[in-house]
Amino acid sequence: MDRGSAASAARRVEDTVYEIGRSFRPDMRVPARIYADERLWSQISTDRSLEQLVNVATLPGATKAVYAMPDAHEGYGFPVGGVAAFDAESGVVSPGGVGYDINCGVRMLVSTLHVDEMGEGLEPLVHELSRGIPSGIGRGGRFSLNDDELDRVFTEGVAYLVERGMATPEDAEHTEAEGCLAGADPSKVSKRARDRGRGQLGSMGSGNHFVEVEHVERIFDEKAAAVLGLEVGRVVVLIHTGSRGLGHQVCTDYVSQMDKGMPEHGIVLPDRQLACAPLSSDPGRAYFGAMASAANFAWCNRQVISHVVREAFHRILGPRVELRLLYDVAHNIAKIEDHGGHSLCVHRKGATRALGPSHPETPAGYRSVGQPVFIPGSMGAGSYVLVGEDASMERSFGSACHGAGRSMSRGEARRREHGSVVKRALEDRGIVVRCPSLKELAEEAPHAYKNVDHVVEVVERSGLARRIARTGVLGVVKG
Amino acid sequence: MSAEAELSSGPPDGDDQVSGHTWLDHTSEISVRLHAPSFPELLAEGARAFSELVPEHIGSADAPEWREFTLEGDDRAGTLVDWLNELVFQAEVERWVPSELSVREEPHGAGRDGIIHVRARGRTLERPFVLVKAATLHGAELRSTPRGLEAEVTLDI
């Protein structure tokens with residue numbers, strides 16, 4: 001299938017919705033729906049995103065429709081920004097549909113500081129964060145966990161860190177799934193996965209991962225912002241990372257295992273990276289148990305980093321500064337969810353859960369507004385805080401996008417601008433930057449991403465989530 | 001995925017007796033196209049391409065001891081991906097990347113692909129190399145060409 005054919009088969013069915021009907025390809029089980037306006041459509045339809053979304057629509061048990069979020073772009077197997085749900089009894093689970101960085105996600109800490117109170121503290125703070133949070137392509141974490149400790153991370157999630165003094169009960173309450181996805185089975189996590197992850201708790205990794213010190217620049221809904229504790233000038237910290245090598249190896253193990261087992265299940269795939277197994281089968285259950293373990297490791301990873309951030313704020317800006325976890329959301333995960341009385345295994349690959357106010361899993365303190373959703377822009381561009389809408393349950397299985405979305409390859413980004421130029425441009429705007437590699441800085445340059453303001457506007461127009469606040473960047477620690 | 005070359009290794013086009021690789025653009029990941037006269041040589045070229053990703057700022061020292069790996073399977077594209085994932089693990093956990101390889105195929109018989117034996121030595125890294133999360137099966141296939149075999153593999157980074 002060439003790229004143009006999927007695009008030409010699409011119909012614009014709403015202001016911000018394009019649809020590729022089931023008749024486009026005989027193996028499609030459900031239609032493919034893409035949330036985009038004309039401008040985003042022109043980007044999404046030029047790489048392999050649509051072809052990949054159509055491929056996902058062929059998987060057994062696919063329900064209702066498969067979706068691409070406004071930040072979607074080409075991935076491998078699933079497109080990044082893809083959402084698909086499969087019947088929990090008769091459908092499949094696909095490791096590639098979650099991705100290698102299981103439970104990569106974003107959390108926001110809200111400080112008691114106003115930006116005007118930072119004084120000269122910003123540069124030493126960012127430096128302290130870069131020292132305390134291992135990042136880049138050659139650094140591991142702060143701890144090395146033995147197998148018993150890893151098992152507790154896998155099965156207890158953030159609650160284990162409450163016991164270890166690195167989290168509070170409120171941290172767990174304000175984490176998706178309370179920081180512990182049910183169904184974790186440590187016996188299904190290989191030795192190789194354990195060996196890759198045991199030294200990486202509290203580390204950021206490389207690529208597009210980051211810790212940013214930001215401040216609230218604009219409020220869109222004063223009442224809702226007050227519920228979230230946000231006001232103009234408030235200093236916040238955004239943390240983006242995942243399950244590190246542990247999650248990567250879990251995915252590697254099960255993609256390989258399921259790929260070899262495809263004939264047994266009689267499933268024909270358009271792309272081997274979509275390797276899957278019925279969720280109710282032994283390999284399906286084994287993957288889910290390992291994936292949930294890795295998801296819980298990821299929540300603990302972001303929590304340990306939060307602990308380090310709190311320590312750094314205390315050391316540099318004083319012991320009275322507090323940092324409250326606003327929320328933590330995954331954007332690479334598979335979860336068993338109830339949708340209209342049907343139990344579905346919802347895969348979000350580069351997509352954020354966005355529950356509305358009335359959903360029982362929205363934390364009690366946020367039920368008047370909805371679950372917080374974070375959409376970071378490109379490096380230095382700032383981020384958005386949104387809240388989920390009840391309507392998103394119908395429109396996208398309760399999902400919104402996870403970022404601005406790349407519009408350019410890493411190679412092209414490097415050819416356009418050297419990392420030193422990118423760094424200087426950020427510093428000229430008063431942003432403090434720490435990055436272990438200028439090459440990686442160039443790959444994450446703002447011009448390599450879509451415009452986050454526009455992407456978020458389309459999210460809101462699509463009824464997936466609504467804007468509450470926009471932040472600006474003060475300091476960046478890049479992975 | 002566009003097919004624009006970023007960096008190539010190997011002979012100029014037209015020399016069909018040796019191996020090489022070309023890095024390809026991908027919106028969010030990286031892909032590599034490998035070519036070699038035979039499957040064992042394709043695996044060796046994959047290792048050369050992977051080692052090329054390790055930046056100089058991660059210091060390293062020669063590791064004189066030889067390491068041995070055995071690869072088995074009737075699906076050669078899958079075996080290539082498995083081999084690259086072995087290298088991902090070695091670089092991250094063992095802090096080791098190969099620089100000198102000998103790859104040979106032991107006939108299996110009964111119409112099946114042979115067993116691959118890799119003997120390699122290389123460098124010990126000062127720190128784990130964690131850039132590559134995994135080699136994926138996305139679009140993985142081996143093609144016969146006039147100069148031998150060709151394959152593309154997408155690496156998640």
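The values are calculated or read from the model by the stated rules, or taken from the named source; none is laboratory data. All values derive from a computational prediction rather than experimental measurement. Glycine gets a Cβ as well: all are built from the backbone with ideal geometry, and neighbour counts include every protein chain shown.
General observations
- Condition check for A:Glu264: farther than 21 Å from A:Asp87 by Cβ, more than 14 Å from every other protein chain (Cβ to nearest Cβ), part of a helix (DSSP H, G or I) and among the acidic types (Asp, Glu): no
- Within the range A:422-450, the residues that satisfy the criterion of being within 11 Å of chain B (Cβ to nearest Cβ) and either among the hydrophobic types (A, V, I, L, M, F, W, C) or on the phi > 0 side of the Ramachandran plot (or both) are A:Leu438, A:Ala448.
- Looking across the range B:109-154, the residues that are at the interface with chain A (Cβ under 9 Å from one of its Cβ atoms) and part of a strand (DSSP E or B) come down to B:Leu125, B:Ala134, B:Ala135, B:Thr154.
Condition check ((1) closer than 20 Å to A:Gly403 by Cβ; (2) out of contact with any strand residue (DSSP E or B) (no Cβ under 7 Å at 6 or more places or on another chain); (3) at pLDDT below 95) across all residues:
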| site | (1), (2), (3) |
| --- | --- |
| A:Glu38 | no, yes, no |
| A:Trp41 | yes, no, no |
| A:Leu59 | no, no, no |
| A:Gly77 | yes, yes, yes |
| A:Gly82 | yes, no, no |
| A:Val92 | no, no, no |
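- Residues in the range A:424-446 that are buried (at least 20 other Cβ atoms within 10 Å of the Cβ) and either aromatic (Phe, Trp, Tyr) or more than 23 Å from B:Val130 (Cα to Cα) (or both): 3 in all.
- Only one entry in B:Arg112, B:Arg127 is over 18 Å from B:Ala49 (Cα atoms), surrounded by 15 or more Cβ atoms within 10 Å (Cβ to Cβ), among the basic types (Lys, Arg) and at pLDDT below 95, namely B:Arg127.
- Single unsatisfied condition, A:Gly4 versus (1) modelled with pLDDT of 95 or more; (2) within 26 Å of A:Arg410 (Cα to Cα): (1)
- Filter result (more than 30 Å from A:Leu438 (Cβ to Cβ) and surrounded by 24 or more Cβ atoms within 10 Å (Cβ to Cβ)) within the range A:380-412: A:Val385, A:Leu386, A:Val387, A:Gly388, A:Glu389, A:Ser392, A:Ser396, A:Phe397, A:Gly398, A:Ser399, A:Ala400
- All conditions in (1) under 24 Å from A:His248 (Cα atoms); (2) under 13 Å from the mean Cα position of the chain (by Cα) hold for B:Val93, with the sole exception of (2).
- Filtered residues of the range A:408-421 (kept if touching a His at 6+ places or on another chain (Cβ under 9 Å) and either more than 8 Å from chain B (Cβ to nearest Cβ) or assigned to a helix (DSSP H, G or I) (or both)): A:Arg410, A:Gly411, A:Ala413, A:Arg416, A:Glu417
- Taken over the range B:70-109, the criterion of being basic (Lys, Arg) and surrounded by 14 or more Cβ atoms within 10 Å (Cβ to Cβ) is satisfied by B:Arg76, B:Arg95.
- Selected residue (only one of A:Gly207, A:Gly242 is closer than 16 Å to B:Ile157 by Cα and modelled with pLDDT of 95 or more): A:Gly242
- Condition met for A:Gly350 (crowded, with 24+ Cβ neighbours inside 10 Å and over 21 Å from A:Ala182 (Cβ atoms)): yes
- Residue in the range A:85-104 that is hydroxyl-bearing (Ser, Thr, Tyr) and crowded, with 19+ Cβ neighbours inside 10 Å present: yes
- Filter pass, A:Leu113 being surrounded by fewer than 24 Cβ atoms within 10 Å (Cβ to Cβ), among the aliphatic types (A, V, I, L, M) and in contact (Cβ under 8 Å) with a residue 60 or more places away in the chain: yes
- Residue in the range A:328-344 that is closer than 20 Å to A:His73 by Cβ, under 20 Å from the mean Cα position of the chain (by Cα) and among the charged types (D, E, K, R) present: no
- Test: A:Arg467 is surrounded by fewer than 20 Cβ atoms within 10 Å (Cβ to Cβ), more than 25 Å from A:Val126 (Cβ to Cβ), charged (D, E, K, R) and touching a residue at least 12 places away in the same chain (Cβ under 8 Å): no
- Residue match in the range A:217-239 (condition: within 14 Å of chain B (Cβ to nearest Cβ), buried (at least 24 other Cβ atoms within 10 Å of the Cβ) and either among the aliphatic types (A, V, I, L, M) or more than 22 Å from the chain's Cα centre (by Cα) (or both)): no
- Which numbered condition A:Val106 fails, given (1) in contact with a strand residue (DSSP E or B) (Cβ under 8 Å, 6 or more places away or on another chain); (2) in contact (Cβ under 8 Å) with a residue 40 or more places away in the chain; (3) closer than 28 Å to A:Met393 by Cβ; (4) within 14 Å of another protein chain (Cβ to nearest Cβ): (4)
- Contact annotation: residue pairs with Cβ atoms under 8 Å, 6 or more positions apart or on different chains, pairing a residue in the range A:167-181 that is among the β-branched types (Val, Ile, Thr) with a partner that is assigned to a helix (DSSP H, G or I), are A:Thr168/A:Val162; A:Thr175/A:Val158; A:Thr175/A:Trp299; A:Thr175/A:Gln303.
- Boolean, B:Ala134 is among the hydrophobic types (A, V, I, L, M, F, W, C), touching a Ser or Thr at 6+ places or on another chain (Cβ under 6 Å) and surrounded by fewer than 18 Cβ atoms within 10 Å (Cβ to Cβ): no
- Spans of helices (runs of 4 or more DSSP H) in the range A:127-240 with at least 2 residues of a type in the set (D, E, K, R): A:147-156, A:169-173, A:191-197, A:222-228
- The test for being farther than 26 Å from A:Lys450 by Cβ, modelled with pLDDT under 95 and surrounded by 20 or more Cβ atoms within 10 Å (Cβ to Cβ) does not hold for A:Gly136.
- Qualifying residues in the range A:242-258 (those that are over 22 Å from A:Thr352 (Cα atoms) and crowded, with 24+ Cβ neighbours inside 10 Å) - the one nearest to the other protein chains (Cβ to nearest Cβ): A:Thr252
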